[in-house]
Each structure stands twice: as structure tokens, then as C-alpha cells.
Amino acid sequence: MPKLRTVVVVAGAAMLVRRAMRSRIQASPLWPMPALDHPTSGRPRSRALKLLVASRATVAEGVVQLRLEGRDLPRWEPGAHLDLVLPSGLIRQYSLCGDPEDTSSYTVATRLIEDGRGGSREVHEQVTEGMELEVRGPRNRFPLIEAPSYVFVVGGIGITPVLPMLRALGEGTRWRLVYGGRTRASMPFLEEVEKLGGDRVTVVAEDEDGLPDLDGLSAATAEGAAVYCCGPEGLIAAVEERFPQVRLERFTPRTSADGNGAFEVELRRTGRTLTVPADSTVLAAVRSELPNTAYSCEQGFCGTCQQRVLEGEVEHRDELLTDAERADSMLICVSRARSERLVLDM
């Protein structure tokens with residue numbers, strides 16, 4: 001992933017935030033999924049919608065914005081994301097960066113990742129105006145909470161979930177923004193961000209200014225501030241070190257030094273026991289025996305591969321499940337075992 005820059009926003013609680021909190025709507029219809037050998041447990045899936053790609057625009061170097069039109073679309077709050085089903089069948093998650101009050105369209109933006117897994121390239125090269133795309137959602141795992149003040153640390157394309165938050169906070173709130181990128185030309189929505197913040201915005205273009213001063217930011221942050229970060233792992237790690245209570249939105253699944261060894265997985269219903277090598281995944285092992293097992297993102301974001309855990313201790317590496325869901329289920333594409341053996345209800 002290209003190296004991203006940093007945005008920091010500090011804002012006081014505002015009436016507009018309360019309005020946004022009251023408007024929260026959880027997607028309740030079931031999300032259609034491919035047939036499984038055995039049913040999975042867990043959260044209901046958002047219903048699928050077919051939306052028209054009404055416009056496509058380049059909003060920064062390497063960044064394409066799509067406006068997807070429909071009718072009576074589910075409302076969303078700042079921080080929400082949408083699942084796009086691409087023409088190839090790949091499912092990728094993109095933060096909504098338009099107007100939450102607009103029920104006729106959704107707006108997303110994606111940066112081309114040259115060495116990525118193909119989703120961003122497909123958006124850039126194959127998604128065109130006039131075609132229909134299936135979408136699922138919206139869902140929000142990065143909500144804007146009510147707090148006395150706010151700090152947002154964002155890298156590059158990570159501005160997309162934060163931009164609607166800035167709009168919602170409005171003029172009556174205290175905030176400061178540091179927005180970074182490789183160059184100013186590579187930073188999407190930079191002009192709007194600067195207009196929103198005025199002298200509260202500090203732009204850090206690496207080719208001109210180097211890296212943002214996170215130590216200085218930490219020292220200047222008021223006690224009780226809600227801290228948000230969206231960006232690549234290097235940025236997230238640096239922010240977590242300085243702000244232990246940070247709320248995060250990741251582009252890639254969480255990694256861990258623990259639980260990287262081989263372990264066994266018993267498929268209770270099937271009556272088979274599999275070995276998951278240190279360099280592979282539960283999903284890969286399961287699909288070697290049950291090839292129709294559903295999966296999609298392989299990053300712990302979409303929830304398609306969620307399975308119920310009957311025995312064993314899981315190291316959860318997903319970015320989707322709640323604590324309650326993690327008590328008896330896992331996303332087998334990224335999560336692993338802390339114990340020597342897991343038993344799945346498959």
C-alpha cells in the first residue's frame with residue numbers, strides 16, 4: 001500500500017454530532033450469501049442492492065471517486081462503509097464519503113494499490129459510468145461518538161471516513177486537523193478539508209515537510225479527547241503508541257506475533273481433523289476439504305466466512321466481529337488458534 005499521510009482533527013462536542021448519533025440506523029435485512037456445506041452463525045447480513053455508477057471522477061493522483069445512484073437508500077452515519085461487489089465477484093470495502101442525508105446516492109473513493117490484491121485495480125480499470133454494481137451495507141464499525149473533544153489521525157485515502165465527520169462537526173466545534181500525503185496532489189479532498197478547517201488545518205506533504213509531529217500532537221491533545229486513526233499499519237502503530245485509547249479503521253487485517261504456529265482444526269459435523277500450517281489459514285485448510293465454504297474479502301472485513309467455534313481459544317484478527325460474537329465464532333480467513341486445537345461447527 002502506498003505510504004499515506006496523516007490527518008489530525010481536534011473538535012469539541014457539537015449539536016450536529018448529537019443529531020448524527022440519533023439518526024443511526026442498523027442494516028437489518030439478511031445479506032444473501034453463497035450456499036454453504038453447513039450454515040454459519042453470527043450477524044445478519046445487509047441486503048444487496050443494485051446501484052448505477054452515475055459518475056466517476058479522479059479526485060487526486062491515483063484516486064478515483066464513484067457516485068452510485070439508487071432510490072430510498074439506507075441512511076448512514078459518518079464512519080460507515082459499503083461493500084462493493086466488483087464485476088469479477090471480488091468484494092471490497094470502501095468508506096462512504098458523501099452526504100449521509102442523501103438517500104439517492106452513495107459516494108466512495110479508492111486509491112490504486114499497485115501491489116495490492118486486485119480490487120483497487122479493478123475499480124480503476126473496469127468500473128465505468130453507466131454500469132451497475134451490487135453493494136451491501138452500509139455498516140459502521142468506526143462511528144463518531146459524543147465526546148468533549150476529538151483527535152483524528154488519518155493517512156492518505158484514510159480521509160474518506162473522516163471527511164463526513166468533519167462536515168458533521170460544523171463551525172461550533174473546536175478542532176484541529178493535520179492532513180498528510182506523499183504530495184499535495186496525491187491527497188484526496190484536500191481543498192475541501194482546508195476550507196472546512198481554516199487555520200485549524202495543518203497539511204503535511206512529505207515531499208515538502210517530512211512526517212507529521214505526532215509527539216507534539218500528543219502533548220497538545222486535551223484530556224478526554226476521542227482519538228481516531230485511519231491509515232496504514234505504520235501510521236496506526238505510531239498513533240497507538242502515543243494514544244492507547246485510539247479508535248481505529250484499518251486498510252488491512254490486524255497482525256500479531258502470537259498464534260503463528262501450526263495447529264489442528266476439527267470439523268465436528270464433517271468428522272474431519274485438519275492441520276493448519278503456520279504459513280496458511282483456517283480458510284485454506286477448510287476449503288481443501290469443503291470447497292464450497294463461502295468466503296470473500298480474505299481480510300477479516302466482510303464476515304462471509306464466519307463460523308461457530310465449539311472448542312478452543314481463538315486469536316481474533318478480524319475487524320468486524322463484536323466482543324459478544326467473538327465469544328463463540330470467528331472469521332476463518334484471518335483469525336487463528338491460541339490453543340493447540342479448535343473445533344468448528346462445520
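State the extension gain, in nm to one decimal, for the chain segment bounded by Val53 and Ser88, taking 0.36 nm per residue of separation less the distance between their alpha-carbons. Intermediate values should be presented prior to the final figure.
On the way: separation 35, 0.36 × 35 = 12.60 nm, distance 1.61 nm.
This chain segment gains 11.0 nm when fully extended.
Taking the simple approach of a point 7 Å from Cα along Cα-to-Cβ for both Ser280 and Glu146, what is their distance in nm?
5.1
Calculate the length of the line joining the C-alpha centroid of the stretch 135-169 to that of the stretch 278-346, in whole Å.
The distance from the Cα centre of the stretch 135-169 to that of the stretch 278-346 comes to 28 Å.
What FRET efficiency would be calculated for the residue pair Ser339, Arg174, taking the C-beta separation as r and a Förster radius of 45 Å, to the nearest 0.05? Spell out each step's value before the answer.
Values: r = 48 Å, r/R0 = 1.06.
Calculated transfer efficiency: 0.40.
How high is the relative contact order of the stretch 45-139, in percent, counting Cα pairs under 8 Å that sit 6 or more residues apart? All intermediate terms of the calculation are to be shown ahead of the outcome.
Values: 200 pairs, mean separation 37.9, N = 95.
The normalised contact order for the stretch 45-139 reaches 40 percent.
DSSP beta bridges in the stretch 173-324, what fraction antiparallel, as a percent rounded to 5? Can you show the working numbers first?
Working: 5 of 14 bridges.
Roughly 35 percent of the beta bridges in the stretch 173-324 run antiparallel, per DSSP.
Could you work out how far apart the two model spin labels at Asp209 and Leu310 are, taking each label as a point 7 Å from the Cα in the direction of the beta carbon, and quote it in nm?
A separation of 5.7 nm, rounded to one decimal place.
I'd like to compare 97-108, 268-279, 175-186, 233-244: which one has the highest average count of other Cβ atoms within 10 Å, and what's the full order after that?
Values: 97-108: 18.0, 268-279: 12.8, 175-186: 21.9, 233-244: 16.3.
Output ranking for 97-108, 268-279, 175-186, 233-244: 175-186, 97-108, 233-244, 268-279.
Quick one: Tyr94, Tyr228, Tyr295, Tyr150, fewest Cβ neighbours within 10 Å first, how do they rank?
Going from sparsest to densest Cβ surroundings: Tyr295, Tyr94, Tyr228, Tyr150.
Over the stretch 50-93, what is the mean sequence separation of C-alpha contacts under 8 Å (at least six apart), divided by residue count, expressed as relative contact order in percent?
On the way: 39 pairs, mean separation 11.5, N = 44.
Averaging sequence separation for qualifying contacts and normalising by length gives 26 percent for the stretch 50-93.
Please find the FRET efficiency linking Thr273 to Gln126, where r is the Cβ-Cβ separation and R0 is fixed at 35 Å, and quote it to the nearest 0.05. Don't skip to the answer; put the middle values down first.
Working: r = 41 Å, r/R0 = 1.18.
Efficiency for this residue pair is about 0.25.
Please list the radius of gyration and Dmax for the stretch 263-344, considering alpha-carbon atoms only, with Å as the unit.
When restricted to the Cα atoms of the stretch 263-344, Rg and Dmax are 11.3, 30 Å.
Readers should treat all values here as calculations from the given coordinates under stated rules, not as data from a laboratory. Quick caveat: nothing in here was measured; it's all calculated off a predicted structure. Backbone-built Cβ (ideal geometry, glycine too); neighbour counts: all protein chains shown.
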